[in-house]
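Inspection log for the structure reproduced underneath, given as structure tokens.
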Amino acid sequence: MGLQAIKGFNDILPAEMNTWQWVENVFRQLLSSYNYGEIRLPLLEYTELFSRSIGDDTDIVEKEMYTFHDRSNRSLTLRPEGTASVVRAFIQHGMAATGNINKLYYLGPMFRYERPQKGRYRQFYQLGAEVFGEEDYHQDAEILIMLARYFHVLGVGSAKLNLNSLGCKHCRPAYRQALQDYLQRHGEYLCGDCQRRMQKNPLRVLDCKRPDCRKVVAEVPKILDYLGVDCQAHFDGVIRLLDEVGIDYHVNPFMVRGLDYYTRTTFEFIAGDLGAQNAVAAGGRYDRLVEELGGKPTPAIGFAIGMERLAMLVDSDSVPVSAPFIYLAALGESALNILYPLRHKLNQAGVGAVLNYRQKSLKNLMKKADRNNVVYTLIAGDQEIEQGAAILRNMKTKEQQTIPLNTLFTNIREVFDGHQNN
RNA sequence: GUGGGUAUAGCUCAGUUGGUUAGAGUGCAGGAUUGUGGCUCCUGAGGUCGAGGGUUCGAAUCCCUCUACCCACCCCA
């Protein structure tokens, strides 16, 4: 092997992009029908943005960021996630000033320096959305219902929704204290990592997978028992709306997210068949982050979907195929001279047309037509052209008709329109 | 960062106790069918056997080193 792409950085080839484009198109349509607008953000930000928003003690900031210095010695970082940048843009462009609710979606690559494995890459793609200025629980449920619908349309409805509430600045400290007290008493059974987490970030102990830690965690005080009146009502509201629409969910009081900024509702869509990296989408509410980054206090909620993971779940058979409509078989120089301008005309009219320029036998051209999965083939050889005509063959029914050269374009477009309407 | 697995044709993979010219399927090209695709049959092109070193008369095969990829831990989308 000579030159290779960087470890964890992958080429997405056309065969796969077919699925990707479908997933993206459905996403765009769905989000814009819910009145979200697309925002496109830089891949590079000042490092400070991520350390302040995601949290200094998180794994992402501690050991997974691509950080380096530019020529003027500023510390820059390739974005490891999308929310921080959206919040930055929201503040920078004064979007709060309008007082409107701002609903934004984005898609693009993220970068984390992790050891690659199934469903985890160093450059990976996310589809995400953020809503600013809406504190009501209807907004939380809107996102969950929208996501559930999205997965259903893509045929990956088996992704299971896990739901939790992390409380707010009023109820979280009390819970944190209760949790820490409990862990202090049973700390001897915890693993080394959790001994450390216990001090810095006790919530992280809750989702440790080690059997010994799980035993301790099973008996631990639950955050849901510590929610204040408002947070409880908020959580109950979300659940009621999900019940009304009939969306399955699992309340998981041990689910903690890896980013520090979450408050109240947090969620993950977990899929089987994905291997160890089984979260296909995740997100939550972050009512304090805008303020913490220097904006006016603004409630917010968002989510991100792992594109590679989602694409793995999508059955390629359910992806609409986009084959060209017609193959233009040019036998000889004079035929090529006629079909060449025709292909441009057809392509520009939105009719998928394929034409090969190298001189081949008709058998070979027919084979190419077949490989291209076209609906029709136009055969033009010396015989036909002398008679001022060409043959249009329906590849499925094998019916052939002769059409005059001077009406080729209009005739083909008529056939194309008829095919579209079926 | 720590484990385990794998590396042979464009792709998916065989390759015996080390043995002479490294195979199959698929894909590609040509032909059977002189101007009509899919099915069938025939033929052909395509390999530094991941890289480097060692053992041996002889290495894809045995040993060492390196590299890449995959899976898992961890963490997360």
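The values are calculated or read from the model by the stated rules, or taken from the named source; none is laboratory data. Just so we're clear, the structure is a prediction, and the values are computed from it rather than from any experiment. No Cβ is skipped: glycine too gets one built from the backbone with ideal geometry, and neighbour counts run over all protein chains shown. For accessibility, only protein heavy atoms count, side chains too; no ligands or nucleic acids. Shrake-Rupley method; radii C 1.70, N 1.55, O 1.52, S 1.80 Å.
Values for this structure:
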{"read-out": "Residue that is open to solvent by 30 Å² or more (accessible area, probe 1.4 Å), free of Cβ contacts under 8 Å to residues at least 12 places away in the same chain and more than 8 Å from RNA strand B (Cβ to nearest atom), where the choices are A:315, A:243", "value": "A:243"}
{"read-out": "Residue selected from the stretch A:178-237 under the condition at pLDDT 85 or above and of a type in the set (Phe, Trp, Tyr), by the criterion least open to solvent (accessible area, probe 1.4 Å)", "value": "A:235"}
{"read-out": "Qualifying positions in the stretch A:1-37 - on the phi > 0 side of the Ramachandran plot and more than 16 Å from RNA strand B (Cβ to nearest atom)", "value": "A:35"}
{"read-out": "Residue pairs meeting the criteria (Cβ under 8 Å; at least 6 apart or on separate chains; first among the aromatic types (Phe, Trp, Tyr), in the stretch A:252-279; second within 9 Å of RNA strand B (Cβ to nearest atom) and assigned to a strand (DSSP E or B))", "value": "A:267/A:282; A:267/A:283; A:267/A:303; A:269/A:279; A:269/A:280; A:269/A:281; A:269/A:282"}
{"read-out": "Qualifying positions in the stretch A:364-415 - within 6 Å of RNA strand B (Cβ to nearest atom) and on the phi > 0 side of the Ramachandran plot", "value": "A:398"}
{"read-out": "From the options A:290, A:351, residue that is in a helix (DSSP H, G or I) and either at pLDDT 95 or above or more than 9 Å from RNA strand B (Cβ to nearest atom) (or both)", "value": "A:290"}
{"read-out": "Lone qualifier among A:115, A:74 - being over 23 Å from residue A:292 (Cβ atoms) and over 20 Å from the mean Cα position of the chain (by Cα)", "value": "A:115"}
{"read-out": "Which listed residue is within 16 Å of RNA strand B (Cβ to nearest atom) and either buried (at least 22 other Cβ atoms within 10 Å of the Cβ) or over 20 Å from residue A:23 (Cβ atoms) (or both), from A:172, A:115", "value": "A:115"}
{"read-out": "Selected residue [of a type outside the set (Phe, Trp, Tyr) and assigned by TED's automatic domain parsing to the domain that holds residue A:133] from A:333, A:308, A:386", "value": "A:308"}
{"read-out": "Meets criteria (in contact (Cβ under 8 Å) with a residue 40 or more places away in the chain and surrounded by fewer than 17 Cβ atoms within 10 Å (Cβ to Cβ)) for residue A:364", "value": "no"}
